Amino acid sequence: METSNLTNKDNEILSLANNLRWDLGVNFHDTVIESIYEDASRIAQRTVAQEGDPAKHFDLKIDRIVTSRWLGFPIMFLLLALVFWLTVSGANYPSGLLADLFIGKLYPLLKQFAANIGTPAWLSGVLIDGAYLAVAWVVSVMLPPMAIFFPLFTLLEDFGYLPRVAFNMDSLFRKAGAHGKQALTLSMGFGCNAAGVIATRVIDSPRERLIAIITNNFSLCNGRWPTQILIATIFIGGAVPSYLAGIVSAGAVVGIAVLGIGFSLAVSWGLSKSILRGEASAFSLELPPYRPPRIWQTLYTSLIDRTIFVLWRAIVFALPAGILIWVVANVHIHGISIAEHFIDWSNPFAVIFGLNGVILLAYIIAIPANEIVIPTVLMLTVLQTGMSGVGAGAGVMFDTASIQGTEEILRAGGWTLLTGINLMLFSLLHNPCSTTIYTIFKETHSWKWTLVSTFLPIVLGLIVCFFTTQIWLLITS
Amino acid sequence: MVEITYIGWITGPALSLLLGFGVLMVLAGIFWPKYGLIALSRKSNLNKQRVWLEDALKFLFDCEYKKTACNLNSIAGNLHISTDKTARLLNRLRTMGLITMEDEANLQLTDAGRSYALRIIRVHRIWERYLADETGIDQMDWHGEADLQEHQLSPSAANQLAARMGNPVFDPHGDPIPTIEGAMPVHRGQPLSSLEEGTVAQIVHLEDEPYTIYEQLVALGLYPGMQVYVMDKTDGKITFAADGEECILTTLFAASITVETIQSKEKIREKLDLLSSLAIGESAEIAGLSPNMRGQQRRRLMDLGFVPGTAIRAELYSASGDPVGYRILGTTVGIRKQQADLIFIKRIKNEAS
Amino acid sequence: MNNTQGCENCPVHHKEHLIRMGIAMDRVDYVIALAGNPNTGKSTVFNNLTGLRQHTGNWPGKTVSRAEGGYSYAEKRYKVVDLPGTYSLLSTSTDEDVARNFILFGRPDVTVIVADATRLERNLNLTLQILEITDRAVLCLNLMDEAKRNHIEIDLRNLSKELGIPVIPAAARQKEGMPELIQAIEEVASGKYVCKPHRAKSKSPKLNHAIATLVKKLEEQFPGIPNLNWVALRLLEGDESIIDAIRTGELGTLSPTTFPTLAS
């Protein structure tokens, strides 16, 4: 064996180190830390003078309330419910404004302009009907709720309340083999799953962090709330007497969200018993002192760090998807579009799950953002049924001006109460949007876990829809 | 009419449901961890021959390391295979140049055989360390899991794992982990059963085979690093104090514990209270962390100030009662009861004054 | 008269010379590392120095990736690297690897340790560990306003003497203490202030012997490295990056005789 002199000497050092480590025994790391703390404590004693008992301060008083047995959970639910309510109700108006601007005003102008300069139909179709519309949709539906949700959430964080939520919720998550901080990433997921996945960085243990990442998709994100509300209003609200419609459909949406939390916990438990086996490990959570949040800085940073960041990623993914959507709806093979080929082919299969080919195709091509699922569904239904006089023309995504309009189209597409329920379930239990999938890959650096996080919810969704459908048919037949 | 709907009912949803259940069952049968088809086929794919070969080398190395006798019968017993098979196996090992064999009682590892054995042992012990430090897998399952992994994990993957964990030099039972180059320290210590009355010693190793004995030792709460003091030794029984608690073992069981005598005049540690016993508002001083607190958990807590001598006070319950917030070095830290059970404290006397 | 005139030249009054450069840095004179426990206002200090707006959450372990920014002061350009907040540098986690390796291999000209004045003892743990690695550090004692509210008094002079580095009281949220911090950084970076960092000595004779043995061996191979004790300790902890640095010989580049690679 010829080795250079240098390597020999280096190995000498390394093997010496190894021998010394064997001599030092198992507890030596403890000794090191202990002696450092000993010094620290000696220096602190010489230099720090403390008057009075600092523990009986303001923080403890707040903590005694927000972590108390009786008030702890109600306060938490109220605060989180308030955040979600402000988000959902507050986003409606600006979303409408943006949609009116981008789709109602700017879109016809663009079309007109393209026609005037003589752009070929296919090019203006790909660029304006496809790419532009998809991006416009994502921006107008996504931006307002995020611009409300993230700052509110960040205010809670800056104040120091969020660690208390983890502290209170830990016992529930511990039973599912997960970490208390998952309560936060789960809540964050209600705003946006991609942001929820990034937030899992606060979880130290890699096993528990993976559990939190994989299950984050079960939090019904902002992009799915409008779908849930729309379908619940049409089909569930429509199935009960009108004076009950409002409360029943609202209850159905909340029920889906709660079901999502249930799935989150159940899947966490399942994972911790199987592929991510192990007991809930380290839980040491520092409860930082409360600090008054600085409103302006919070607004600024949460807009820059979270909203714009997530929105940008969504746009990047929505653009090619818009093109794809246009292509499948407008490129014809043997006289009918690719979309219709797929719908006809997949319909028999989809019916087993109480869905239809349109829904399946919409979920496949609208993967960049859940926000464009409904416009895609409407466009495909019109395409498939050959309805005329609705929408912006064949093969172009659109949304109707009224709920009744949407209802008419969907009913014409053969939708029933069962389809509605299944769509709500499938909207909860399907693959994460591409932004989230990409984020999961960035965070885990692993294809395996990215694939698991992508396909696990789809499989679950298909199973749930299948049994719902078949049991429903069994009862109603 | 009635008949037709009846048939329709059977062939419709009910049949689909049955089929659906069937498909689920089949999928579960394939993918179920540990007992599913995939898991089983993975297990059986492990080449039986190679496993025996590697296990035999490991056993031979162990004998050499501990300077105990080793022959065909003891190998057969260790591998749970017939003596015929063992003889064939040993022949194979010899033709492969891994051992030399003058007769059945005189088996010697060659250099190649020794380095092969060390590679396997290294993977086994690194995996045990990994299971102990980074997963919540039960202590009793470490050995079995590592026995499977040692034949599957490539040495380079094991090296990467080790590097990530800070190149550990001991497995969780206190055994040294061989280096990549195959270096091992000389065997140290003696069995607990050989100690005289009145000696003070420190446990350096708990033998994890056979399982039943190991289970007993773990149930008694024994661990490497624990200080023991032999109180009495009479007819096949040894009585000793381990961290202040009295234990009685037969010599057979005590032989599974390796100890090193220490001259220290340190007094035997008294029995300590647990952090979890502290009521809200009570204060105490940290006395130490249990060795069952391992890996990241242990380091994280020490970084937060959970080292002997630090003052701590139970401050508040969470809304569900567990975890509990403890005030330590000016910060409130939430700790689960599970962990608080592994932290020793000394109560501070006359707190009122 | 004479007095005020004299003080026009002292660096504190050069506040107007502080130019925040955000992330525009093409050539820098000094590299500053910003280290500290989580939740001590480290990011706020970073933002104050650089004029950037890193998110500062009231949540332990917020800064996960390394942020960089710059400022220029008294005609020198400084690059500030905000390291992830950690409680220690001796455990195995990605955050700690990043922080530890930057302080050791990145060889910053000054390491600013941001500590929480209300929890000094806890913060001293990390401070002492950093002083094992580097000779040139400044302790920024942040949250002094909170400490005052909690009636905590700190003998700054004595603390500075004990640690052997400048100690600057600050309240970063109110932007208090920043000029003094910038000045202290300048003094340490330019060598006007020579640090005599506190080096902890373990009580365990076994450990001390092991470290001494290793240091002797290391000295033969890599002479002139200022923090061999730390290198030896990390070797005993099985730190892969140190082992790698020995295998590849990169450790040799840490001696002050070789030219610094990062700042240039």
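Using the beta-carbon distance between A:Ile471 and A:Val258 and R0 = 25 Å, what value does 1/(1 + (r/R0)^6) give for FRET efficiency, to the nearest 0.05?
So the FRET efficiency works out to roughly 0.80.
Send over the semi-axes of the stretch A:371-477's equivalent ellipsoid, whole angstrom and largest first, taken as the square roots of 5 times the C-alpha gyration tensor eigenvalues.
Each semi-axis is √(5λ); the values are 30, 22, 9 Å.
Under 5 Å between amide hydrogens, which residues at least 5 positions from C:Glu176 or on another chain qualify, with H placed 1.01 Å from N in the peptide plane?
The list, which skips near neighbours in sequence, is C:Ala171.
If each of A:Ile275 and A:Ile333 carries a label point 7 Å out from its Cα toward its Cβ, how far apart are those two points in nm?
3.2
Over the protein assembly as shown, what number does the Rg to Rh ratio reach, with both radii from the alpha-carbon atoms and Rh per Kirkwood?
My calculation puts Rg/Rh at 1.01.
Starting from the Cα of C:Arg199, step 7 Å toward the Cβ, then list every residue of the stretch C:129-161 with an amide N under 11 Å from that point.
C:132-135
Under 5 Å between amide hydrogens, which residues at least 5 positions from B:Glu315 or on another chain qualify, with H placed 1.01 Å from N in the peptide plane?
Sorted by chain and number, the residues that satisfy this are B:Gly281, B:Gly325, B:Tyr326, B:Arg327.
For B:Lys34, which aspartates and glutamates qualify as cross-link partners when the Cα separation must be under 19 Å and same-chain residues fewer than eight apart are set aside?
A:Glu279, B:Glu128, B:Asp138, B:Asp141, B:Glu145, B:Asp147, B:Glu150
Please report B:Arg114, C:Arg234, A:Arg69 as a ranked list, fewest other C-beta atoms within 10 angstrom at the top and most at the bottom.
Fewest-to-most ranking of B:Arg114, C:Arg234, A:Arg69: A:Arg69, B:Arg114, C:Arg234.
With +1 assigned to the C-beta of every Lys and Arg and -1 to the C-beta of every Asp and Glu, and no other charges, what is the dipole magnitude of the protein assembly as shown about the Cα centre in debye, to the nearest 20?
1280
Going out from 0 in 5 Å bins, what whole percent of all Cα-Cα distances in the stretch B:190-262 drops into each bin?
Reading upward from the zero bin: 4, 19, 33, 29, 13, 2.
Could you name the aspartates and glutamates whose alpha carbon sits less than 19 Å from that of B:Lys346, not counting residues in the same chain fewer than 8 places away?
A:Asp30, A:Glu34, A:Glu38, B:Asp243, B:Glu245, B:Glu266, B:Glu270, B:Asp273, B:Glu282, B:Glu285, B:Glu315
By residue number, which cysteines of chain B lack any other Cys whose Cβ falls under 4.7 Å from their Cβ?
Isolated Cys, chain B: B:Cys247.
Go ahead and collect, in residue order, the members of the stretch A:13-27 whose backbone nitrogen is under 18 Å from a label point 7 Å along the Cα-Cβ direction of C:Glu220.
Within reach of a label on C:Glu220: A:13-21.
Taking Cα pairs under 8 Å and at least six residues apart, what relative contact order does chain A come out at, in percent?
17
Give me the one-decimal Kirkwood hydrodynamic radius in Å for the stretch B:38-109, with the sum taken over alpha-carbon pairs.
Taking the inverse mean of 1/r over all distinct Cα pairs, the stretch B:38-109 comes out at 12.7 Å.
Calculated FRET efficiency, A:Arg411 and A:Leu451, Cβ-Cβ r, R0 41 Å, to nearest 0.05?
Between A:Arg411 and A:Leu451 the formula returns 0.65.
Antiparallel as a % of all DSSP beta bridges within the protein assembly as shown, to the nearest 5?
Bridges in the protein assembly as shown are about 80 percent antiparallel.
Around B:Val259, which amide H atoms from residues at least 5 apart in sequence, or from another chain, sit under 5 Å from its own amide H, with H modelled in the peptide plane?
Result for B:Val259 returns B:Gln190, B:Leu192, B:Val204.
Rounded, prolate or oblate: pick one for the stretch B:273-347, where a ≥ b ≥ c are the square roots of the eigenvalues of its C-alpha gyration tensor, a/c under 1.5 means rounded, and failing that, prolate if a/b is larger than b/c, else oblate.
rounded
Looking at this model, which pairs from C:Lys42/C:Lys161; C:Lys148/C:Lys175; A:Lys181/A:Lys448; B:Lys58/B:Lys85; B:Lys85/B:Lys237 are more than 26 angstrom apart at the alpha-carbon?
B:Lys85/B:Lys237
Counting pairs of alpha carbon atoms under 8 Å apart in space and at least six apart in sequence, what relative contact order in percent does the stretch B:38-109 give?
Normalised by residue count, the contact order of the stretch B:38-109 is 30 percent.
Counting only the backbone N, which residues of the stretch C:174-191 are under 18 Å from the spot 7 Å out from the Cα of C:Arg77 toward its beta-carbon?
Backbone N within reach: C:186, C:190.
Bin width 5 Å, alpha-carbon pairs only: give the P(r) of the stretch A:293-399 as whole percents, running from 0 to the bin holding the largest distance.
2, 12, 19, 19, 15, 10, 7, 6, 5, 4, 2, 0, 0
So which trypsin sites (Lys or Arg not before Pro) in the stretch B:11-98 are both in a DSSP loop and have at most 14 other Cβ atoms within 10 Å of their Cβ?
B:Lys34, B:Lys67
Pairs of Cα atoms under 8 Å, at least six residues apart: use those to get the relative contact order of chain B, whole percent.
So the answer I get is 10 percent.
Convert 20 °C to kelvin, take the viscosity as 1.002 mPa s, use the Kirkwood radius over C-alpha pairs of the stretch A:207-337 as Rh, and evaluate the Stokes-Einstein diffusion coefficient in µm²/s, rounded to a whole number.
Rounded to a whole number, D works out at 109 µm²/s.
Which of the three applies to chain B, rounded, prolate or oblate, going by the alpha-carbon gyration tensor with a ≥ b ≥ c and a/c under 1.5 meaning rounded?
The shape class here is oblate.
Have a look at chain A and give its Rg and Dmax from the Cα atoms, expressed in angstrom.
In order Rg, Dmax, the Cα atoms of chain A give 27.1, 90 Å.
Label B:Asp111 and C:Glu176 with points 7 Å out from Cα along Cα→Cβ: what is the distance between them in nm?
Label at B:Asp111, label at C:Glu176, 7.2 nm between them.
Spelling out what I want: for every residue of the stretch C:135-152, take phi, set θ = phi - 60°, compute 6.51 cos²θ - 1.76 cosθ + 1.60 (Karplus), and round to whole Hz; glycine and proline get x.
8, 10, 8, 10, 9, 9, 8, 7, 6, 4, 5, 5, 4, 4, 4, 8, 6, 9
No value in this document is a laboratory result; all are computed from the given coordinates. All values reported here derive from a predicted model rather than from experimental measurement. Heads up, the Cβs are rebuilt from the backbone with ideal geometry, glycines too, and the neighbour counts pull from every protein chain shown.
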